[in-house]
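Enquirer: Take a look at the following structure, please.
The values are calculated or read from the model by the stated rules, or taken from the named source; none is laboratory data. All values reported here derive from a predicted model rather than from experimental measurement. Using ideal geometry, Cβ is built from the backbone for each residue, glycine included, and neighbour counts are taken over all protein chains shown. What goes into the accessible areas is simple: the full protein's heavy atoms, side chains included, and nothing from ligands, DNA or RNA. Shrake-Rupley method; radii C 1.70, N 1.55, O 1.52, S 1.80 Å.
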Amino acid sequence: MTADYVHGYSGREAQRLQDQARTLTELLHSDTAYPEGSTVLEAGCGIGAQTVTLASKSPGADITSIDISEASLAVARQAAEAAGLSNVTFGQADIFKLPFAPRSFGHVFVCFVLEHLTQPAAALEALRGVLKPGGTMTVIEGDHGSAYFHPESAHARRAIECLVALQARAGGDAMIGRRLYPLLRDAGFEGVQVSPRMVYADAGRPELVEGFTRLTFTAMVEAVRQPALDAGLMAAAEFDRGIADLYRTAEEDGVFCYTFFKARAVNPLPGTPK
C-alpha cells in the first residue's frame, strides 16, 4: 500500500527535505498549533523535517511521530534532540497497521505522505480510526501540475512530467494536492476546508529563489534523472536541458510558482448527519 519513495533516501534527499521544511515553515505551518495537553499523531514523519516545526509550535502538546522506516526515524530522533524537543515520541509503524487503540488521539497531522501511497483514501480511513470524535485531521500535499515559470520551457515541463510519471508508476500521485477535498470527504470527515498555499519566487524574494526554486523543486526533479533515463521517458540531453531551464528561472529575470494545498477536517461526532 506504500509506493516506492521515488525521491530515494540519499543524503542529498535528506538535505533537500530539510531545505524545504526551513523555507516553507511560515507558509505551511503558520496556522497550525495545538493546545497544551493535546495528543497529536504525526503519521509518516520521515526524517523529522516537519516534526521539528510541529513540535516547536506546540510545546505543550504530546506528539507521537511514526514512520515505516527505522533509518528515517533515527535521523528524526537526532533532529528532535538537536532542537531540544521533549514533547515528541517516535515509533516505527505502518499507517495501515496502526498499533494504537481506537480514538487514541485528539489530532492527526500528515504532511507529504499521501502522494506516496497507493491507497491514500484507505490511509485516511485508517487514521480516522485512531482519531477521537470531534478531533481534527490536517493534511498538506503538493501538486506538481501547479508549477509554472518564466522563462517558459518545454524541456523543463517534460522533465517535471518525468517525475510525475515515475511516481505514478510507483503507485503514487504527484498531483494529489488537488484531490484533498474529495479524499477527506470520502474517508468520512466533515467540515473539510482546503486552502492553497502558493510559493511565488522572483529576484525580489531571494530566500525563496534559493530555498525553493533551486534547493527544493529543481533539486527534486534533478534527482530522478537516472530513473527517468532508465525508463526511457526522456533523452539525456533533453532532460539536462530541462534542468538547466529550471535553474534558469532562478536568475535575475526569472519567476517560479508552485502551489501546496493544506486541508483541515473533523472526525464527526457519533450520530452526526452526513
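Enquirer: For the range 216-244, enumerate the residues that are open to solvent by 30 Å² or more (accessible area, probe 1.4 Å) and assigned to a helix (DSSP H, G or I). Step through it out loud before you land on a result.
Expert: First, pick out the residues of the range 216-244 that are open to solvent by 30 Å² or more (accessible area, probe 1.4 Å): 222-223, 225-227, 229-233, 235-238, 240-241, 244.
Passing the criteria: 222, 225, 226, 227, 229, 230, 236, 237, 238, 240, 241, 244.
Enquirer: Got a number for residues in the range 131-152 being in a loop (DSSP other than H, G, I, E, B), of a type outside the set (D, E, K, R) and open to solvent by less than 10 Å² (accessible area, probe 1.4 Å)?
Expert: 1
Enquirer: Continuing with the same structure: Go through (1) crowded, with 21+ Cβ neighbours inside 10 Å; (2) under 14 Å from residue 67 (Cβ atoms) one by one and return the number of the condition residue 107 breaks.
Expert: Here residue 107 clears every test but (2).
Enquirer: Further, regarding this structure: Determine, yes or no, whether residue 102 is surrounded by fewer than 18 Cβ atoms within 10 Å (Cβ to Cβ), in contact with a helix residue (DSSP H, G or I) (Cβ under 7 Å, 6 or more places away or on another chain) and not hydrophobic (A, V, I, L, M, F, W, C).
Expert: Yes; evaluated as a whole, the condition is true for this residue.
Enquirer: Here is a further query. If you take the residues of the range 177-209 that are surrounded by fewer than 17 Cβ atoms within 10 Å (Cβ to Cβ), under 19 Å from the mean Cα position of the chain (by Cα) and free of Cβ contacts under 8 Å to residues at least 60 places away in the same chain, which of them is farthest from residue 136 (Cα to Cα)?
Expert: The extreme case among them is 200.
Enquirer: Which condition does residue 156 not pass, out of (1) open to solvent by less than 10 Å² (accessible area, probe 1.4 Å); (2) under 17 Å from the mean Cα position of the chain (by Cα), if it passes all the others?
Expert: Answer for residue 156: the failing condition is (2).
Enquirer: Something else now. Listed residues 170, 174; which is modelled with pLDDT under 95 and over 30 Å from residue 269 (Cβ atoms)?
Expert: Result of the check over 170, 174: 170.
Enquirer: If you check every pair at least six apart or on different chains, which have Cβ atoms under 6 Å apart with a residue in the range 53-71 that is more than 21 Å from residue 36 (Cα to Cα) and of a type in the set (Asp, Glu) first and a residue that is modelled with pLDDT of 95 or more and part of a strand (DSSP E or B) second?
Expert: Partner pairs satisfying both residue conditions: 70/92.
Enquirer: Name every residue in the range 161-212 that is out of contact with any helix residue (DSSP H, G or I) (no Cβ under 9 Å at 6 or more places or on another chain) and of a type in the set (Ser, Thr, Tyr), in order of residue number.
Expert: Selection gives 181, 195.
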